[in-house]
């Protein structure tokens, strides 16, 4: 059985790591390098850095290079400003191991195939901020436009065709609020393909994570703010979830 991952997330806005609340409010936390270095030292199975304000400025290559210079032993995944094949190549060349694709999925889904040919499908993760609008109905939040709608056919098709290697399902309502993850969002994505899924948003406690890990298609959970405040958070979560197929805690 493949072991599932507990990944740490660092949200970056205007060059600073921030605590994000539902894509609407942000609380400064400090330099991204400090948080990333801590997650690496404390034993996260992966680190996801999301630069949420890049818009059409391309990836933050300087940030990626600074993080790469830290000598991390933990895989680094970067998202933000990735719109073209060139963006993907430059981000990987700068030091990102994998890439999170968000707005490009809606703005230009055809570009995803070119990115996959440039850096490999395994390097690409589709990010889907989702929210439940009413019982049985889930929408895709296009947060840069402030709009929401059912998941588009082009996005559904690229997932069904496995043009990415994983799907990061983000609870857009619970993100940053520590009230648990809405599993209905996963139910809306699971039928599209058998791609592994990652869940992010609202996760702080083991009892919130446990039911997610029981889902066969889920490959891991991504935890943000809860991991950034003390060095034993990752170890404590894994110790509380020894009944689940998580990767063993790694110490540096």
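The values are calculated or read from the model by the stated rules, or taken from the named source; none is laboratory data. Remember, it's a predicted structure, so these values are computed and weren't measured experimentally. Here the Cβ is made from the backbone with ideal geometry for all residues, glycine too, and neighbour counts use every protein chain on show.
Would you call residue 123 within 16 Å of the chain's Cα centre (by Cα), in contact (Cβ under 8 Å) with a residue 12 or more places away in the chain and over 16 Å from residue 32 (Cα atoms)? Yes; evaluated as a whole, the condition is true for this residue. Listed conditions (1) within 29 Å of residue 211 (Cβ to Cβ); (2) surrounded by fewer than 22 Cβ atoms within 10 Å (Cβ to Cβ); (3) modelled with pLDDT of 95 or more are all met by residue 77, apart from (2). The number of residues in region 52-73 being buried (at least 22 other Cβ atoms within 10 Å of the Cβ) and at pLDDT below 95 comes to 1.
Of everything in region 204-230 that is loosely packed, with under 14 Cβ neighbours inside 10 Å and closer than 24 Å to residue 12 by Cβ, the residue that is modelled with the lowest pLDDT is 229. Does region 33-46 include one or more residues that are over 22 Å from residue 235 (Cβ atoms) and either assigned to a strand (DSSP E or B) or out of contact with any helix residue (DSSP H, G or I) (no Cβ under 8 Å at 6 or more places or on another chain) (or both)? No, that holds for no residue. Evaluated against (1) farther than 15 Å from residue 51 by Cα; (2) without any contact (Cβ under 8 Å) to a residue 24 or more places away in the chain; (3) touching a helix residue (DSSP H, G or I) at 6+ places or on another chain (Cβ under 6 Å), residue 112 falls short on exactly one condition, (2).
Which ones in region 64-104 are under 29 Å from residue 152 (Cα atoms) and assigned to a loop (DSSP other than H, G, I, E, B)? Selection gives 80, 81, 82, 83, 84, 96, 97, 102.
Could you list, in sequence order, all residues of region 110-133 that are in a helix (DSSP H, G or I) and modelled with pLDDT of 95 or more? Across region 110-133, the qualifying residues are 111, 112, 113, 114, 115, 116, 117, 118, 119, 121, 122, 123.
The residue that is modelled with the lowest pLDDT, counting only those in region 134-159 that are loosely packed, with under 14 Cβ neighbours inside 10 Å and farther than 24 Å from residue 55 by Cα, is 136. What about residue 43, is it under 17 Å from residue 167 (Cα atoms), in contact (Cβ under 8 Å) with a residue 24 or more places away in the chain and either over 16 Å from the mean Cα position of the chain (by Cα) or surrounded by 22 or more Cβ atoms within 10 Å (Cβ to Cβ) (or both)? No: the conditions fail for residue 43.
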